[in-house]
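So the structure is just underneath, and the comments pick up after that.
The values are calculated or read from the model by the stated rules, or taken from the named source; none is laboratory data. The shown structure was predicted, so the numbers you read here are calculated from the model rather than taken from an experiment. Note: ideal-geometry Cβ built from the backbone for every residue, glycine included; neighbour counts use all protein chains shown.
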Amino acid sequence: MGMNWFVTALTLCALVVSTHGATGTIAWCYHEPACNDTQWPTIAPQFCNGSRQSPIDIVTASATANANLTAFTFHNYSSTSAMQKITNTGKTVKVTLSNVGVSGGNLPEAYDSLQFHLHWGNGSAVPGSEHTVNGKRYPMELHIVNSRSSFNGNTTLAIANSTGLAALGFLIEEMSGDATGQPASWHNLTSYLTSIRNAGDSATLAPGFSLNDLLVGVDTTKFYRYHGSLTTPTCNEAVIWTVFKDTIKVSRDIINLFNSTVRVGNASSPYQVNVYRNIQPALPVQTQPSTSGASKTCYSLGLMALSLIFGKS
């Protein structure tokens, strides 16, 4: 009976493709003890118990300065037709992208933006971001997954390369006040959730809002950088991670739609809740140099110049 239960649980948890684009069939899940993230090092041992795993807690005081972390260039992120299709994978909500990319930011080459997906907890009351900052977990997190342009969308090549993928992480928190359905871009996006209630459901996204619209309020020149892994099996250590300092702010009702609309399977299956991997051991994190020291130096030099001018008789 125990073995039958174990096999049944794994069958219920089976997933055809990782939400991050890894190939192959792997039995993993978030919601069952037999296949949740505590079991991934056994289910996918090649990488999931590795030494460069994600997500991590970003301790801001420990981040080292790197002057090479320059601004990104986002290609066609303002396009209102870049988002093609929205899918319930059974593990997340994923949006496929077309003709968009990113370069700069000390990435080794240009990268093509393939898709984005989300991680969440159980409504606004139970946070579900993957990365945490100084121990704080945010309600949700958005990941834009990018592959080296030279790989032409071949994710098999990308996950086999230590810098094959570049993931952009955006922390999402609740907007202050009593606003509902805000921002409008997020209202548009979540209006499709009722069309993808069951795993495997997809819907075509109508043109009208852009990736930039979804990233409203984020200063993309300020971010943390580290080298890590996919946060789902097979946990390949192939990802240059960028986690932006500014959060995306959305209204509470938007956050609450995810855990109460999309399911892990058919209409009789549970809703997707707590769809995130727990924190992995710390890795070295970099960020842009602080400008405060330069400002103080300029201020001091200015005072010296003034004293020389007005100190003369």
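Tell me which residues, restricted to the stretch 170-209, are of a type in the set (S, T, Y) and either under 29 Å from W241 (Cβ atoms) or in a loop (DSSP other than H, G, I, E, B) (or both).
Selection gives S176, T180, S185, T190, S191, Y192, S202.
What about E141, is it buried (at least 20 other Cβ atoms within 10 Å of the Cβ), within 18 Å of the chain's Cα centre (by Cα) and either modelled with pLDDT under 95 or not basic (K, R) (or both)?
Against the criterion (buried (at least 20 other Cβ atoms within 10 Å of the Cβ), within 18 Å of the chain's Cα centre (by Cα) and either modelled with pLDDT under 95 or not basic (K, R) (or both)), E141 qualifies.
I'd like the full set of residues that are assigned to a strand (DSSP E or B) and surrounded by fewer than 18 Cβ atoms within 10 Å (Cβ to Cβ), limited to the stretch 210-240.
Passing the criteria: only H227.
Select from the stretch 121-138 the residues that are crowded, with 17+ Cβ neighbours inside 10 Å and free of Cβ contacts under 8 Å to residues at least 60 places away in the same chain and list them in ascending order.
Hits for the stretch 121-138 are P127, R137.
Given the criteria in contact with a Ser or Thr (Cβ under 7 Å, 6 or more places away or on another chain) and under 22 Å from L165 (Cβ atoms), does T92 qualify?
So T92 fits the description; yes.
From (1) on the phi > 0 side of the Ramachandran plot; (2) touching a residue at least 24 places away in the same chain (Cβ under 8 Å); (3) surrounded by fewer than 18 Cβ atoms within 10 Å (Cβ to Cβ), pick out the condition that doesn't hold for N99.
(2)
Which count do you get for residues in the stretch 177-206 that are more than 27 Å from S269 (Cβ to Cβ), touching a residue at least 60 places away in the same chain (Cβ under 8 Å) and surrounded by fewer than 20 Cβ atoms within 10 Å (Cβ to Cβ)?
4
Somewhere in the stretch 41-53, is a residue farther than 18 Å from P281 by Cβ and part of a loop (DSSP other than H, G, I, E, B)?
For the stretch 41-53, residues farther than 18 Å from P281 by Cβ and part of a loop (DSSP other than H, G, I, E, B): absent.
Output the number of the condition that L157 fails; it satisfies all remaining conditions of (1) in a loop (DSSP other than H, G, I, E, B); (2) without any contact (Cβ under 8 Å) to a residue 40 or more places away in the chain.
Here L157 meets the rest and fails (1).
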